[in-house]
Amino acid sequence: MILAGDVGGTKVHLALYSFAGGRLSPVRDQKFAANEFASLDGAVEQFLTGDPQGTAAQDTAERSQIVAACFGVPGPVRDGRLKLTNLPWTLDTRDLAKSLGIQHMFLINDLEANGYGIPELAPESIVTLHEGDATAQGHRGLIAAGTGLGQALLIWDGKKHRPIPSEGGHADFAARNAREIALLEYLQRTLNGRVSWERVVSGIGIKNIYAYLRDVEKMDEPAWLRERLAVEDPNAVIGQCAEDGSSPLCFDTMQMLVSAYGAETGNIALKVLALGGMYLGGGIAPKALKTLTSGGFMQAFLDKGRLAPVLEAIPVRVILDDTCALLGAAAYAEARAAELSGRSERAASVG
C-alpha cells in the first residue's frame, strides 16, 4: 500500500493506493481543511485511524500494509525539509517517517508530483484546448493556477519526461497592455511594491483583479453580488457568475485572468521549448473551461510575435482530474521505495 498526499495552503488531500501488476489502483481518499490541524501528522492520523491525536487503534490492516509515503507540497524541498508559506507547518521527512511509522518517506514539490501524475491519468481526464502537433516529442511545461500559481518543467530525456520543480509563479508579472499596466500599478500600490505572476494568475489573482475593476475602473458591483460575496467563497461566486454571464464585473475579471494565464503559459512554452505540450493543472482551469475556450487564453498564448508559429505547433491541454498530484506522489513513492529496496520494476519507468 502507498500513502500519497497533496498538501495545499487550504486543504490536505490524502489517498491510499495499492500497487500490483505494475499499476496503481485507488483504495480511498479524503480531503481535510488544513487549518484544523496543528501538523500534517494530525491530518494523516485522522485519515488512517479517525483520530488526529493518534491514540486510536493504529494496527489496522491498511496501516500495516503501507510501505512508502510521498507528499506533494507547495514550495522548494531542501534536504527533505520544507517550511510552508501559508501554513504554520514545518515538514521533515525524518520526523514524518518516525511519527507515522513509515520507512520510506518522501516530500516533493506539488507541481513535481503533478508531473509524475500525468502519465497515470486516463485519457478522459485531459481535455485539449489546442491541438498543435500532437505527434511531436520534446519537453513539456506544467502550470497550475489554484490558491497560488505553481509551475514545473517536464524534461524529455529521449525515453520519458522527468519533472523538474520551479518557483516561476513568483517571477515578476509582465503587463502587456494599458489595462494590465493599470492593474500592475494598482497592485504595486496595494502590495507596497513588487508584483508576481501569482498575484494575478491564481485564486489570489481573482480577488485582486476584481478589486481593481471595481475600485479603479468603477465597474458596477450590484447588491445581490456583494451579498453573495460576503457569505460564499468569493472566487467560486466570481467564477460562476463569469461562466453564466450574470455579472459583467465577474466576466471581465475572469477574462483578464485567463488572458494573463495564457500569456504566462506561452512564456513557459518558449523558455522550455515545450514541443511535447503545455499542461494546465490546478483548480481554476477545470471550473473555467467556458472562459478558457472563449478565445482570450489562446490569443494571449499565441501572441509571441515572430515566435508565434512555434507556439502554434504546441498542444495545450487541461488536466481535469484533481487526483493528478496524488497519483504522481504515489508513483514517485513506489518507484523510490523500489529503488531503495533493490526492486526496479517501476523505478525505471518513472525516473
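The values are calculated or read from the model by the stated rules, or taken from the named source; none is laboratory data. Remember, predicted model here, so these are calculated numbers, not experimental data. Note: ideal-geometry Cβ built from the backbone for every residue, glycine included; neighbour counts use all protein chains shown. For the accessible areas, the whole protein counts, side chains as well, though only heavy atoms, and no ligand, DNA or RNA atoms are used. Shrake-Rupley method; radii C 1.70, N 1.55, O 1.52, S 1.80 Å.
Yes/no per residue for (1) hydrophobic (A, V, I, L, M, F, W, C); (2) closer than 21 Å to Ala175 by Cα; (3) in a helix (DSSP H, G or I); (4) open to solvent by 10 Å² or more (accessible area, probe 1.4 Å):
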site: Ile209; (1), (2), (3), (4): yes, yes, yes, no
site: Lys218; (1), (2), (3), (4): no, yes, no, yes
site: Ala230; (1), (2), (3), (4): yes, no, yes, yes
site: Ile314; (1), (2), (3), (4): yes, no, no, no
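Can you tell me which of Asp157, Asp92 is of a type in the set (D, E, K, R) and open to solvent by 60 Å² or more (accessible area, probe 1.4 Å)?
Asp157
Which number in (1) more than 30 Å from Leu280 (Cβ to Cβ); (2) in contact with a helix residue (DSSP H, G or I) (Cβ under 6 Å, 6 or more places away or on another chain); (3) open to solvent by 50 Å² or more (accessible area, probe 1.4 Å) marks the one condition that Arg63 misses?
Just one mismatch for Arg63, condition (3).
For region 24-50, name all the residues that are closer than 19 Å to Gly101 by Cβ and assigned to a helix (DSSP H, G or I).
Passing the criteria: Leu40, Asp41, Gly42, Ala43, Val44, Glu45, Gln46, Phe47, Leu48, Thr49.
Filter region 1-24 for residues that are within 11 Å of Ile66 (Cβ to Cβ) and surrounded by 24 or more Cβ atoms within 10 Å (Cβ to Cβ) and give the result.
Across region 1-24, the qualifying residues are Ile2, Leu3, Ala4, Tyr17.
Is it the case that Ala97 is buried (at least 18 other Cβ atoms within 10 Å of the Cβ), touching a strand residue (DSSP E or B) at 6+ places or on another chain (Cβ under 6 Å) and under 27 Å from Pro163 (Cα atoms)?
no
On the given criteria, is Gly80 modelled with pLDDT of 95 or more and open to solvent by less than 30 Å² (accessible area, probe 1.4 Å)?
Judged against the criteria, Gly80 is not a match.
Which one of Leu107, Leu129, Leu142 is modelled with pLDDT of 95 or more, surrounded by 20 or more Cβ atoms within 10 Å (Cβ to Cβ), of a type in the set (A, V, I, L, M, F, W, C) and farther than 20 Å from Tyr332 by Cα?
Going through Leu107, Leu129, Leu142 in turn, the sole match is Leu129.
Six or more apart or on different chains, Cβ under 6 Å: which pairs go from a residue in region 173-186 that's without any contact (Cβ under 8 Å) to a residue 12 or more places away in the chain to one that's open to solvent by 40 Å² or more (accessible area, probe 1.4 Å)? Could you list them?
Ala175/Ile181
Among the residues of region 179-207, write down those that are open to solvent by 60 Å² or more (accessible area, probe 1.4 Å) and in a loop (DSSP other than H, G, I, E, B).
Asn192, Arg194 - these are the residues of region 179-207 that are open to solvent by 60 Å² or more (accessible area, probe 1.4 Å) and in a loop (DSSP other than H, G, I, E, B).
Test Glu120 against the criterion of being out of contact with any strand residue (DSSP E or B) (no Cβ under 6 Å at 6 or more places or on another chain) and at pLDDT 95 or above, and give yes or no.
It is false that Glu120 is out of contact with any strand residue (DSSP E or B) (no Cβ under 6 Å at 6 or more places or on another chain) and at pLDDT 95 or above.
Among (1) modelled with pLDDT under 95; (2) at negative phi; (3) over 22 Å from the mean Cα position of the chain (by Cα); (4) small (Gly, Ala, Ser), where does Gly158 come up short?
(2)
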